[in-house]
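Chemist: Here it is, the structure in full.
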Number of protein chains: 2
Amino acid sequence: MKPTLGVLAGGGALPAAVAAAARAQGRAVFLLAFEGQTDPEALVGFPHAWLRLGQMAEAFSHLRAAGVEEVCMIGPMRRPSFAELRPDRRAAQALARIGWRAFGDDGLLSAVVREIEAEGFRVIGAEDVLGGLLAPAGPIGRRRPSPQDDIDIARGVEVLRVLGAADIGQAVIVEHGVVLGVEAIEGTDGLIARCAGLRREAGGGVVVKIAKPGQERRVGLPTIGTRTVAAAAAAGFAGIAIEARRALVVDAAAVARAADASGVFVVGIVVR
Amino acid sequence: MKPTLGVLAGGGALPAAVAAAARAQGRAVFLLAFEGQTDPEALVGFPHAWLRLGQMAEAFSHLRAAGVEEVCMIGPMRRPSFAELRPDRRAAQALARIGWRAFGDDGLLSAVVREIEAEGFRVIGAEDVLGGLLAPAGPIGRRRPSPQDDIDIARGVEVLRVLGAADIGQAVIVEHGVVLGVEAIEGTDGLIARCAGLRREAGGGVVVKIAKPGQERRVGLPTIGTRTVAAAAAAGFAGIAIEARRALVVDAAAVARAADASGVFVVGIVVR
């Protein structure tokens with residue numbers, strides 16, 4: 001039998017989905033919930049403990065006490081302020097080691113993975129538990145990108161490749177060749193909402209979201225779900241392009257239904 | 001005597017300042033104002049004509065009829081929608097030639113400069129008329145960046161160098177090592193306003209604005225003024241760093257006063 005799975009729960013419903021899937025596979029699960037990050041509803045029915053993000057020693061004690069050997073970090077984490085973080089001695093040590101890279105997305109996540117592994121845990125991806133999360137190549141739902149959308153997607157990919165080197169965001173919005181917005185700390189939903197007012201034409205604009213070059217495969221993969229589709233539709237954009245086989249789609253069937261109902265496309269693109 | 005100066009007037013007060021300075025130097029001036037871009041107040045007292053951005057042939061006729069030989073493009077231009085642009089035959093020809101690059105900032109501006117020069121006009125920078133606009137190295141006003149601000153400025157420069165290759169924006173906001181926002185089409189004031197809500201700490205955060213690598217020297221230089229200072233202060237950021245000798249400061253004395261009055265720093269940094 002597989003060892004107890006520790007779920008380090010970020011925001012949204014995905015941590016609960018991972019925990020439920022692990023339990024359905026006959027595994028025991030234990031969730032670590034983080035103040036200001038985890039949705040309390042995601043914890044219902046699962047053994048769990050609440051911590052501040054900076055309580056690293058406490059986190060490892062909880063995982064060991066629960067018999068955890070494998071850990072899955074899943075769900076978006078908002079960047080805490082230093083005051084919110086209040087690092088304990090173990091976390092301060094980790095921060096000192098991580099140094100500058102703590103401030104890039106991927107640099108931070110990779111470093112956190114190494115810290116967890118240094119404590120003797122294995123880190124696995126949500127895909128390893130849930131399966132079927134990775135975006136397929138091609139359309140999800142009935143709509144397809146127009147030729148102009150394809151051009152905008154190509155421009156978005158080009159821009160994101162350059163951005164990836166700076167380790168900032170994973171998403172851009174491109175409308176008829178013009179980059180309306182670039183994601184940083186506001187997250188993809190925030191990006192979509194703020195770019196709604198920057199559109200110049202009716203009916204155009206594509207949200208493009210791909211993994212960074214050298215992206216850690218197990219944590220921080222670009223993720224979309226029905227909420228992303230609803231946001232894009234509300235903002236009047238034509239659709240969403242995500243990286244096939246490297247982005248996660250939470251409940252692809254529901255995403256396809258939402259896309260069809262709201263008239264936007266969702267497409268998995270192969271990035272070379 | 002110098003030939004008539006044609007001012008292609010973007011938004012704000014800078015076109016009027018350039019026109020007034022040229023007139024004070026004994027030059028005749030003629031302003032081209034663009035619908036939805038030029039501030040009508042900038043035209044008061046100067047001979048001018050209103051056009052759509054897409055009326056390129058008309059623009060060249062006006063300039064020739066006014067005896068213009070030198071042209072200065074100054075003031076921010078909002079990206080028009082294709083519908084607003086309605087390119088005439090000459091503009092359509094230019095767009096076809098510019099092609100893809102029309103959608104990057106600097107690619108577009110450089111291409112527009114070449115189109116204007118192909119018609120026999122010389123393109124000059126606002127600095128050539130006004131003088132004293134280029135940011136000095138060092139503080140403007142009394143405040144200086146803290147050691148943490150200096151670290152944030154360095155991170156901002158690093159990120160902007162990478163972004164420059166994608167030809168998108170010229171500004172980022174960095175707070176305690178974290179990139180809060182990256183400028184795209186919303187402009188620097190828009191960036192500052194939207195990032196106010198993303199700050200995590202009190203008293204930190206720096207707006208960093210530098211020219212792109214390979215930036216056309218005569219058009220599209222990064223520019224700040226008292227409005228930028230007011231926006232940064234209202235958003236609670238610590239200060240503004242601009243590239244010494246490649247960014248424009250509109251009315252440095254007023255910027256220094258505004259910075260001192262609101263407690264933010266403004267500093268010219270040397271980017272290597």
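The values are calculated or read from the model by the stated rules, or taken from the named source; none is laboratory data. Because the structure is a prediction, the values reported are computed rather than measured. Neighbour counts run over all protein chains shown; Cβ positions are idealised from the backbone, glycine included. Quick note on the areas: whole protein, heavy atoms, side chains included, nothing else; ligands and nucleic acids left out. Shrake-Rupley method; radii C 1.70, N 1.55, O 1.52, S 1.80 Å.
Chemist: Please report the projected area of the stretch A:63-169's Cα convex hull averaged over all directions, in nm².
Modeler: 9.8 nm²
Chemist: For chain A, max minus min Cα coordinate along each principal axis, in Å, sorted largest first?
Modeler: 56, 40, 31
Chemist: Would you be so kind as to list the residues of the stretch B:44-81 that have their accessible area lowered by at least 30 Å² in the full protein complex compared with their chain by itself (1.4 Å probe)?
Modeler: Listed in order, they are B:Arg79, B:Ser81.
Chemist: Work out the mean other chain Cβ neighbour count within 10 Å for the residues of A:156-167 and drop it here as an integer. All intermediate terms of the calculation are to be shown ahead of the outcome.
Modeler: Working: counts 0, 0, 2, 7, 1, 2, 7, 7, 1, 6, 12, 3.
The shielding value for this peptide is 4.
Chemist: A follow-up question, please. Fully extended, how many nm does the chain gain between B:Ala261 and B:Ser61 (0.36 nm per residue separation, minus their Cα-Cα distance)? Before the final figure, lay out each step's value.
Modeler: Working: separation 200, 0.36 × 200 = 72.00 nm, distance 4.67 nm.
Full extension from B:Ala261 to B:Ser61 adds 67.3 nm.
Chemist: At 1.4 Å probe radius, can you tell me the per residue accessible area of chain B in Å²? Don't skip to the end; give the middle numbers.
Modeler: Details: 11080 Å² over 272 residues.
Here the per-residue accessible area is 41 Å².
Chemist: Next question. Estimate the FRET efficiency between B:Arg272 and B:Asp150 by the formula 1/(1 + (r/R0)^6), using the beta-carbon distance for r and 22 Å for R0, to the nearest 0.05.
Modeler: On the way: r = 15 Å, r/R0 = 0.68.
According to the calculation, E is roughly 0.90.
Chemist: Using a 1.4 Å probe and ignoring any ligands, DNA or RNA, find the accessible area of A:Glu58 and quote it in Å² to the nearest 10.
Modeler: Probe radius 1.4 Å; accessible area of A:Glu58 about 90 Å².
Chemist: I need the peptides A:143-155, A:8-20 ranked by packing, meaning the mean over residues of other C-beta atoms within 10 angstrom, with the highest value on top.
Modeler: Numbers: A:143-155: 18.1, A:8-20: 22.7.
Sorting A:143-155, A:8-20 by mean packing, highest first, produces A:8-20, A:143-155.
Chemist: For the protein assembly as shown, give the percent of accessible area contributed by carbon and sulfur heavy atoms, probe 1.4 Å, rounded to a whole number. Don't skip to the answer; put the middle values down first.
Modeler: Values: 12300 of 22130 Å².
Summing carbon and sulfur atoms, their accessible area is 56 percent of the total for the protein assembly as shown.
Chemist: Name the helices (complete DSSP H segments) of chain B with a Cα length along the long axis of 18 Å or more and a Kyte-Doolittle mean of at least -1.0, or state none.
Modeler: B:105-118, B:147-164
Chemist: Would you compute, from DSSP H runs of 4+ residues alone, the mean residue ellipticity of chain B at 222 nm, taking -39500 (n - 2.57) per run and dividing by the full residue count, rounded to the nearest 500?
Modeler: Numbers: 10 runs with 102 residues, N = 272.
Result for chain B: -11000 deg cm²/dmol, rounded to the nearest 500.
Chemist: Can you compute the charge dipole magnitude of the stretch A:1-87 about its Cα centre, using +1 on each Lys and Arg Cβ and -1 on each Asp and Glu Cβ, nothing else charged? Give it in debye, rounded to the nearest 20.
Modeler: Dipole size: approximately 120 debye.
Chemist: Work from the charge dipole of the protein assembly as shown (Cβ charges, +1 for Lys and Arg, -1 for Asp and Glu, about the Cα centre) and give the residue of A:Ala42, A:Pro87, B:Ala33 farthest towards its positive end.
Modeler: Farthest along the dipole direction, towards plus: A:Pro87.
Chemist: Still on this structure, I have one more. Starting from the Cα of B:Ala83, step 7 Å along the direction of its Cβ; do the same at A:Arg142; then give the gap between the two resulting points in nm.
Modeler: The answer from the label model is 2.7 nm.
Chemist: To the nearest 20 Debye, how big is the dipole of the protein assembly as shown about its Cα centre, given +1 on the beta carbon of each Lys and Arg and -1 on that of each Asp and Glu? Spell out each step's value before the answer.
Modeler: On the way: 62 positive and 58 negative charges, 89 e Å.
I would put it at about 420 debye.
Chemist: With +1 on the Cβ of every Lys and Arg and -1 on the Cβ of every Asp and Glu, and nothing else charged, how large is the dipole of chain A about its Cα centre, in debye rounded to the nearest 20?
Modeler: Working: 31 positive and 29 negative charges, 51 e Å.
Magnitude of the dipole: close to 240 debye.
Chemist: Another one. If eta is 1.306 mPa s and T is 10 °C, what Stokes-Einstein diffusion coefficient results for the protein assembly as shown, Kirkwood Rh from Cα pairs, in µm²/s? Intermediate values should be presented prior to the final figure.
Modeler: Values: Rh = 25.2 Å.
Estimated via Stokes-Einstein, D reaches 63 µm²/s.
Chemist: Given R₀ = 22 Å, FRET efficiency for A:Arg23-A:Ala253 by Cβ-Cβ distance, to 0.05? Before the final figure, lay out each step's value.
Modeler: On the way: r = 21 Å, r/R0 = 0.97.
That pair, A:Arg23 with A:Ala253, gives E of 0.55.
Chemist: Further, regarding this structure: Put +1 on the Cβ of every Lys and Arg and -1 on every Asp and Glu Cβ in the protein assembly as shown; which of A:Thr226, A:Leu248, A:Gly141 then has its Cα farthest towards the positive end of the dipole?
Modeler: In the protein assembly as shown, that residue is A:Leu248.
Chemist: Taking a point 7 Å out from Cα toward Cβ as the label site, list the nm distances between A:Glu69 and the same residue in every other copy, smallest first.
Modeler: For A:Glu69, the other copies' label points sit at 8.5 nm, shortest first.
Chemist: How many nm separate the modelled label positions at A:Arg217 and A:Ala96, each set 7 Å beyond the Cα in the direction of the Cβ?
Modeler: 3.4 nm
Chemist: I'd like the interface area for chains A and B: accessible area of each alone minus the complex, both sides summed, 1.4 Å probe, protein heavy atoms only. What is it in Å² to the nearest 100?
Modeler: On the way: alone 12320 and 12350 Å², together 22130 Å².
What A and B bury together is about 2500 Å².
Chemist: Taking each residue of B:168-178 in turn, how many C-beta atoms of other protein chains fall within 10 Å of its C-beta, and what is the average? If you can, show how the numbers build up before the last one.
Modeler: On the way: counts 8, 3, 0, 0, 4, 2, 2, 4, 4, 6, 10.
Mean partner-chain Cβ count within 10 Å for B:168-178: 4.
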